[in-house]
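Undergrad: Got a structure for you, questions after.
FYI, it's all coordinate maths here, none of it is from the lab. All values reported here derive from a predicted model rather than from experimental measurement. Don't worry about glycine lacking a Cβ; one is built from the backbone with ideal geometry, like all the others, and counts go over all protein chains shown.
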Amino acid sequence: MTKSLLPVLTRRTLLASGAAALATPMLMRRAHAEQSLVVADPGGPFTEGYRKAFYEPFTAATGIAINSVARDAEPTAQFKSIVDTKSYIWDVCTITLSARLILEEQGLLEPLNLDATKVSDVMPEAVHPNMLGTDVYSTVLAYNTDTITEAPEGWAAFWDFDKFPGRRSLRKNPIDTLEIALMADGVAPKDLYPLDVDRAFRKLDEIKDKIDVWWTGGAQSTQLLESGEVDMIAGWNARFQAAIDGGAPAKIVWNGGLYSIEGWGVPKGNPKADLARQFVAFCAQAEMQAKFTDDLAYGPTNLKAYDHIEADRAAILPTSPKNLELMSLASEPFWKANRAALTERFNGWLLD
């Protein structure tokens, strides 16, 4: 390996170069001092987590102020209204992979022009031309440790009332529920898609009359686990972790989990698109992503973030290596194409 050639440095040049290095960030911050971005997030604990991880550090680094607002639960309609009317009430917004597909199809997203070197440590599934995923959530199995003393190993246990007696709860939605049924029936995660729908419903037939609660909202799933009303439940990891953090005697089973990704998108035609791209690229950093895990039980997409996360906290996050290897990515393209038809069939099946 050849050594790089360095210029001879005198005290004067050292002082000059040091002053320039100090002045450059200051000049950049001054240049952006009167600029700002409005960023839409899900609100609640997300706002606090993102504030610490992204908003305040970005402002400190650039001088660009971040004003956060809460978005709709599914902001695709908001995106369309903003782009169609050119009334950019926010400049960046969190979107899911499924929302990205819808928005992309309608031409409602700005390209992000991400520098490949800046996202080299980010999960490939989280990097798209018009979206950068920053956090991962997953559908998992949780169980009550007071009533179930032997840890279930996967979804087959959910159907095994002899070995694991107790009350059960599933989400009142075909999404994830059909995949869970197929994995319980022996389908390997890598072979799930396209879903064998008839097989999934046959498997659900076996347990339909034994489901005590079909939950419809995340808060409800937390309460069901927290109160001890059910002994086994399928749902979102962060909701269950909230119950565990609150003292519920429960544990999460990661094996067979289905994960998805949420991140940033920019409305098409946004006059602040360049500033928005700066913000999105900033959020790819491992050290920044590590910060939101203090408040949110979601996994960072930059896996180098785990260099900055305590081991006991990492153990409860979806993208920690030991958990991630047990799960698979849910297919958003499949559900985009089949959601309406399968929702109708699922709702009809529940009524039969």
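Undergrad: Under the rule of at least 5 residues apart or a separate chain, name every residue whose amide H is placed under 5 Å from the amide H of M123.
TA: Distant-sequence amide H within range of M123: N302, L303.
Undergrad: Out of every Cα pair in the range 57-108, what percent are spaced more than 13 Å from each other?
TA: 63
Undergrad: Pull up all non-local amide H partners of R71: gap of 5 or more, or a different chain, and H-to-H distance under 5 Å with H placed in the peptide plane.
TA: When sequence neighbours closer than 5 places are left aside, the close amide H contacts are D41, G43.
Undergrad: Lys and Arg at +1, Asp and Glu at -1: add these up for the other residues within a Cβ distance under 15 Å of N302 and post the number.
TA: -4
Undergrad: Additional query: Could you tell me what percent of the DSSP beta bridges with both partners in the chain are antiparallel, to the nearest 5?
TA: So the antiparallel bridges in the chain amount to around 60 percent.
Undergrad: Two decimals is fine: what is log10 I(q)/I(0) at q = 0.11 Å⁻¹ for the chain, from a Debye sum with one equal scatterer on every Cα and no solvent?
TA: Each listed q maps to, in turn, -0.80.
Undergrad: While we're here: Using the Karplus curve 6.51 cos²θ - 1.76 cosθ + 1.60 with θ = phi - 60°, work out ³J(HN,Hα) for each residue of the range 310-316 in order, rounded to whole Hz, and write x for Gly and Pro.
TA: With the stated coefficients, the range 310-316 comes to 4, 4, 5, 6, 4, 4, 9 Hz.
Undergrad: Now for a different question. Expressed in nm², what is the orientationally averaged projection area of the convex hull enclosing the Cα positions of the range 196-300?
TA: Across all orientations, the range 196-300 yields a mean hull projection of 10.2 nm².
Undergrad: Same structure again: What spacing in nm lies between the two simple spin-label points modelled at D274 and N113, each 7 Å away from Cα in the Cβ direction?
TA: Rounded to a tenth, the inter-label distance reads 0.8 nm.
Undergrad: Restricting to Cα atoms and excluding each atom paired with itself, what does the Kirkwood estimate give for the range 133-222 in Å?
TA: 14.2
Undergrad: Mind listing P(r) for the range 240-303? All alpha-carbon pairs, 10 Å bins, whole percents.
TA: For the range 240-303, the binned pair fractions read 17, 35, 30, 14, 5, 0 percent.
Undergrad: If you project the alpha carbons of the range 269-352 onto their three principal axes, what span does each projection cover, largest first, in Å?
TA: Extents along the principal axes: 51, 43, 21 Å.
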